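This report concerns only the one structure given below.
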Amino acid sequence: MVRALSRRCSIQSWGSFRIRRTNHDDHDDDHDDDDHKQQQQLRTIDARNTNKPTEDQPPSIGEAPKEKPQSDMDQMKERFAKLLLGEDMSGGGKGVSSALALSNAVTNLAASIFGEQGKLAPMAPERKARWRKEMDWLLSVTEHIVEFVPSQQKSKDGTNMEIMVTKQRKDLLVNIPGLRKLDTLLIDTLDNFGQEQEFWYVSKNDDPENESSRREGKWWHPKVKVPPNGLSETSRRWLLSEKEAVSQVLKAAMAINASVLSEIEVPESYIDSLPKNGRSSLGDSVYKSITVEYFDPAQFLSSMDLSTEHKVLDLKNRIEASIIIWKRKMHHKEGKSSWGSAVSIEKRELFEERVETILHLLKYRFPGLPQSSLDISKIQDNKDIGHAILESYSRIIESLAFSILSRIEDVLHADSLAQSSSSNSDDDATRLSSAETPTLLDFMGWGIDPLKRSPIDMENLFKVDSDKKASKPPVSPTPRPPIPELSDN
């Protein structure tokens, strides 16, 4: 009986299982149809997007991964990481000082932005935006260079107290806004040349004419072209006004740079490399020219060989070295004077003033000179971050102003050449037109082209004419009637 009951239960359970499985099979068939439709739709979408790359799709073999553009935050992190590491990416502490790292960062940024500025044309918007953005990053350091200044504070009970507060350092507070203004003026000057101008540039490879001797050393710059008759009077006046404005910017930047360099101490490594006296630094000929009784700086420079940039820089290095030697002799009284015992302190100061005048004239006559040995030594050994930023910023503004000034002078030079050639052609045309008009000789019947007449022909013509006059019979003079006598009556 027990076996019969168990068998019946097993049959019932098997029957119920078969019913459930049948129902599940029906549902599974429905799901399979849905899955089949979805797979067909996915295959269709995949077929459409076969040629469209996806961001998550890994690059194929042999294909370089695409670099995503850095955000401003990532770029700023990279810049300041290099500054903190002192340009030593190994992190071993062998990098340069923070002042020199900032100076190099400003110099390298200017070289990458303005290095290709060989034309009088506006800057590209991308380069201009990058210059503004990254210079703001580098100049932000100066906002945290402060000094303590006294200030008045009023307490709650009404009494005034003097306290010390922090304020941006005075030289930075004065010069940074001024340099920013000069920077803006130069970029605005370049933007002014974006309008329609009467001159244009051609590549030297496309120019069939030979390059003039003035531009032989500027093979990397395109050649400027002007109309055959030169620029118009309005355009010429506008160029001269722009030249004057850029000249003022150049003078201001040079003054700031010279002032900052004078405040940086002379490094000991430079002093150790100097000769013992100023005469050996200058040379006998320059020394004798400076110590004469009547000294003329302009005449001295005219007597010197300043034909190349190397010679000008060599004279500047020798003069700066002699100034350092004499100042140390005067202030520290080290050893015997290089001028001899017969030279008084007044004469020594006079001679030092003369060489400083020569140095001043050299800087303003040759503004595009490279840095001297003294300037390089000061920049490399400087530890003041404020001085480093002021020196580098003023130096690149000075360089940009000199570059723009040179490009304007190139246009004016091409204009003067076009004007001279146009005036010569006008003179030739005037001669030709005057030769075609009949002259008195043509009416006299001599029949010789005035342009082809030679002195020998003219001499023969006058000789024949004189012979004709000599062959004519002489004409006897007509006798005059006698003068009647006056009587007394």
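Are any of the residues in region 230-245 touching a strand residue (DSSP E or B) at 6+ places or on another chain (Cβ under 9 Å), closer than 30 Å to SER203 by Cα and crowded, with 18+ Cβ neighbours inside 10 Å? Spell out how you get there, then give the answer.
Start the filter on region 230-245 by keeping residues that are touching a strand residue (DSSP E or B) at 6+ places or on another chain (Cβ under 9 Å), which leaves none.
For region 230-245, residues touching a strand residue (DSSP E or B) at 6+ places or on another chain (Cβ under 9 Å), closer than 30 Å to SER203 by Cα and crowded, with 18+ Cβ neighbours inside 10 Å: absent.
Where residues in region 250-280 are touching a residue at least 60 places away in the same chain (Cβ under 8 Å) and among the acidic types (Asp, Glu), which of them is most open to solvent (accessible area, probe 1.4 Å)?
Looking at the filtered set, the residue picked out is GLU265.
Please verify whether region 150-163 includes one or more residues that are out of contact with any helix residue (DSSP H, G or I) (no Cβ under 9 Å at 6 or more places or on another chain), under 20 Å from ALA401 (Cβ atoms) and either open to solvent by 50 Å² or more (accessible area, probe 1.4 Å) or without any contact (Cβ under 8 Å) to a residue 40 or more places away in the chain (or both). Step through it out loud before you land on a result.
Narrowing region 150-163 to residues out of contact with any helix residue (DSSP H, G or I) (no Cβ under 9 Å at 6 or more places or on another chain): 150-163.
Okay, now just the ones that are also under 20 Å from ALA401 (Cβ atoms), so none.
For region 150-163, residues out of contact with any helix residue (DSSP H, G or I) (no Cβ under 9 Å at 6 or more places or on another chain), under 20 Å from ALA401 (Cβ atoms) and either open to solvent by 50 Å² or more (accessible area, probe 1.4 Å) or without any contact (Cβ under 8 Å) to a residue 40 or more places away in the chain (or both): absent.
Restricting attention to region 350-365, which residues are of a type in the set (A, V, I, L, M), open to solvent by 20 Å² or more (accessible area, probe 1.4 Å) and over 22 Å from PHE402 (Cα atoms)?
Selection gives LEU350 alone.
Go through region 281-291 and give me each residue that's open to solvent by less than 60 Å² (accessible area, probe 1.4 Å) and out of contact with any Lys or Arg (no Cβ under 9 Å at 6 or more places or on another chain). Don't jump to the end; show me each part of the working.
Going residue by residue through region 281-291, those that are open to solvent by less than 60 Å² (accessible area, probe 1.4 Å) are 281-283, 286-287, 289-291.
Passing the criteria: only SER289.
Here is a list: GLU353, GLU391. Which entry is assigned to a helix (DSSP H, G or I), acidic (Asp, Glu) and in the same structural domain as SER273 (by the TED database)?
Working: GLU391 fails: in the same structural domain as SER273 (by the TED database).
One residue alone meets the criteria, GLU353.
Hey, among the residues in region 71-92 that are free of Cβ contacts under 8 Å to residues at least 24 places away in the same chain and among the basic types (Lys, Arg), which one's surrounded by the fewest Cβ atoms within 10 Å (Cβ to Cβ)?
It comes out as LYS77.
With respect to LEU186, is the statement that it is surrounded by 17 or more Cβ atoms within 10 Å (Cβ to Cβ) and modelled with pLDDT under 95 true? Don't jump to the end; show me each part of the working.
Working: surrounded by 17 or more Cβ atoms within 10 Å (Cβ to Cβ): yes; modelled with pLDDT under 95: no.
No.
The values are calculated or read from the model by the stated rules, or taken from the named source; none is laboratory data. It should be emphasised that the depicted structure is a prediction, and the values quoted were computed from it without experimental measurement. Every residue, glycine as well, gets a Cβ built from its backbone with ideal geometry; the counts of neighbours run over all protein chains shown. Heads up: the accessible areas ignore ligands, DNA and RNA and are worked out on the full protein's heavy atoms, side chains in. Shrake-Rupley method; radii C 1.70, N 1.55, O 1.52, S 1.80 Å.
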